[in-house]
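Structure record follows, encoded as structure tokens.
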Amino acid sequence: MKILVIGSGGREHAICWKIASEMDSGTLYALPGNGGIGEIANLVDIPVSHYQEIATFAKKEKIDLTVVGPENPLADGLVDIFRKKGLKIFGPTRKAAMLEASKVWAKEFMAQHNIPTGKFSVADNFQQAKRIIEKTEFPVVIKYDGLAAGKGVSIAEGKEDAISFLEAVFEKNIFSSTNVRVVIEEFLTGEELSYLVITDGEVFIPLAPARDYKKIYDGDKGPNTGGMGCYSPVPICDSELEKIIEKKIVIPTIKGLQRDGIEYKGVIYFGLIITKDGPEILEYNVRFGDPETEVILPRMESGLLELLEATTEERLREYDIKWKKKAAVDVVIASGGYPGKYETGFVIAGVESVSGDGIIFHAGTKKENDRFVTAGGRVLNVVGLGDTIEDAREKAYEKVQKISFKNMYYRKDIGYLKE
Ligand code: GLY
């Protein structure tokens, strides 16, 4: 069997790690992969945005299944390209990926199908957005409509903040200069929760709930990042809350897609907030979360590969997922300066000496002269496994202490649960 995983982050390392542990024979490829992935898979040197070239590679190599990690290839229709060539691929089509690719589309979909989410307005020019801001209560959430690698959301505390973000979006065109739109949305309060399900369009199976930490500094301060840490399970997500999430959010989403004639096969990641009135959606993502995947997959007892295949073949009804009675905590180690400017190319020491109850998933690393060097903003995911979150957290931080590189940065409060 030949499997190809697309992407280069900790999420893709976790996917490759799990699949590699399940493959008795065959070849695992990763495109483009990273330093850690290169230890367990054959790296393919094709840029992720060269979609036709990727499909040609998959056809020539007779890849049995391709798994897409990041959102951009999904939003750009890589799945559609593969399907046209008769290639099997895990992930939603371009149309279905609109759930993540357009915040306006997603909010209108939720409104149409009565799926709980914050009240919102849409503006497609600066003047219109300013008029909405004049009448709004603060704080307010402003979201750029398209994909922006986690940088498209601003929580404006007052009018000045809001106008300055709107100016950047509409006048300075920081994301795009065409078809610029924003969602202006009610600010909701509560605990955030990442609730992921895998679906073949009919049947869905929830993955273990996870909680990620989006801000760069301890105490959830500073700018947003791709995610600075994560844990699973999430104590607030008990079976009663899961039932509510499924009834009010997951089932209406899947039925809504069916009603709108949109086929969906892949992961739906519900970015939720648990308000005093119940769970509401902050955002949809159409892929595995990062760093959520790094804590979810180490807890998964069942096979991932068979699950991904069953999803693409619409056979999920035959499956269930078994989970280990373990907790996982992931501490992300980043390059100092991230999510702003940072330097790379520093030798990473100690990563090979880490052993015991845990795993290191690489993100921005590459191998040079037999040594790992930093090559991105988020560099490593250090995952601890234990009987409790506290135990897993201690193991993760113990392992972090063994690793060093110039300008290394990590949060010190990952996995400390709120009372
Ligand atoms: N953890 C946030 C994301 O995957 O988008």
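Would you mind checking Lys130/Lys172; Lys18/Lys326; Lys214/Lys324; Lys243/Lys325; Lys367/Lys406 for any pair whose Cα atoms are more than 18 angstrom apart? Before the final figure, lay out the partial values.
Working: Lys130/Lys172 15 Å; Lys18/Lys326 16 Å; Lys214/Lys324 26 Å; Lys243/Lys325 20 Å; Lys367/Lys406 16 Å.
Cα-Cα > 18 Å for Lys214/Lys324; Lys243/Lys325; rest within.
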Query - Options Val68, Met98, Phe82, ranked by Cα towards positive dipole end of segment 66-107, top entry (Cβ charges) - result: Phe82
Report task. At 7 Å along the Cα-to-beta-carbon direction for both Lys135 and Glu240, put a label point, then send me their distance in nm to one decimal. Result -> 3.9 nm
Report summary line: Under a Gaussian network model of the chain whose springs join Cα atoms within less than 10 Å, the largest fluctuation of Asn173, Asn42, Asn114 belongs to Asn173
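To check you understand DSSP bridge types, tell me what percent of the beta bridges within the chain (both residues inside) are antiparallel, rounded to 5.
Details: 63 of 78 bridges.
So the antiparallel bridges in the chain amount to around 80 percent.
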Requested in this report: Specify the residue with the greatest mean-square fluctuation among Asp357, Asp24, Asp145, computed from a Gaussian network of the chain linking alpha-carbon atoms under 10 Å apart.
Outcome: Asp24
Query raised in the report: Among Pro233, Pro223, Pro73, which one moves the most in a GNM of the chain with springs linking Cα atoms closer than 10 Å?
Result: Pro223
**Report entry** Label-reachable residues, segment 379-416, where backbone N falls under 17 Å from a point 7 Å from Lys221's Cα toward its Cβ
**Finding:** 410-414
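Distances longer than 23 Å among the Cα atoms of segment 1-89: what percent of all pairs is that?
Values: 524 of 3916 pairs.
For segment 1-89, the fraction of Cα-Cα distances above 23 Å is 13 percent.
Assuming R0 = 60 Å, what is the FRET efficiency of Val347 and Gln127, from their Cβ-Cβ distance, to the nearest 0.05? Intermediate results must be reported in sequence, preceding the final value.
Working: r = 52 Å, r/R0 = 0.87.
Approximately 0.70, to the nearest 0.05.
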Query raised in the report: Can you give me the Cα centroid spacing of segment 316-370 and segment 194-216 in angstrom?
Result: 19 Å
Requested in this report: Note down the nm distance, to one decimal, between modelled labels 7 Å out along Cα→Cβ at Lys60 and at Leu417.
Outcome: 5.2 nm
Query raised in the report: Do any GluC sites (Glu not before Pro) in segment 316-356 lie in a loop, going by DSSP, with at most 10 other beta-carbon atoms within 10 Å of their beta carbon, and if so which?
Result: none
**Report entry** For segment 176-191, Karplus couplings with θ = phi - 60° (6.51, -1.76, 1.60), whole Hz, Gly/Pro x
**Finding:** 6, 10, 10, 6, 7, 9, 9, 9, 10, 10, 3, 8, 9, 10, x, 7
Report task. Set Lys and Arg Cβ to +1 and Asp and Glu Cβ to -1, take the dipole of the chain about its Cα centre, and tell me which of Ser176, Val5, Ala129 lies farthest positive. Result -> Ser176
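For the chain, what relative contact order do you get, as a whole percent, if you take Cα pairs closer than 8 Å and at least 6 residues apart?
On the way: 948 pairs, mean separation 69.2, N = 419.
Answer for the chain is 17 percent.
Quick one: work out Rg over Rh on the C-alpha atoms of the chain, Rh as Kirkwood radius.
Working: Rg = 20.8 Å, Rh = 21.9 Å.
Taking Rg over the Kirkwood Rh, I get 0.95.
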Query raised in the report: Once both labels are modelled 7 Å past Cα along the beta-carbon direction, what's the His113-Asn173 spacing in nm?
Result: 3.5 nm
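Rounded to the nearest 0.05, what FRET efficiency do Lys85 and Ile40 give with R0 = 22 Å and r taken as the Cβ-Cβ distance? Could you check? Display every interim value, and only then the final one.
Values: r = 27 Å, r/R0 = 1.22.
About 0.25, to the nearest 0.05.
Quick note: the coordinates plus some simple rules give every number you see, no bench work behind them. Keep in mind it's a predicted model, so treat the numbers as computed, not measured. Note that we place each Cβ from the backbone using ideal geometry, even for glycine, and neighbour counts take in every protein chain shown.
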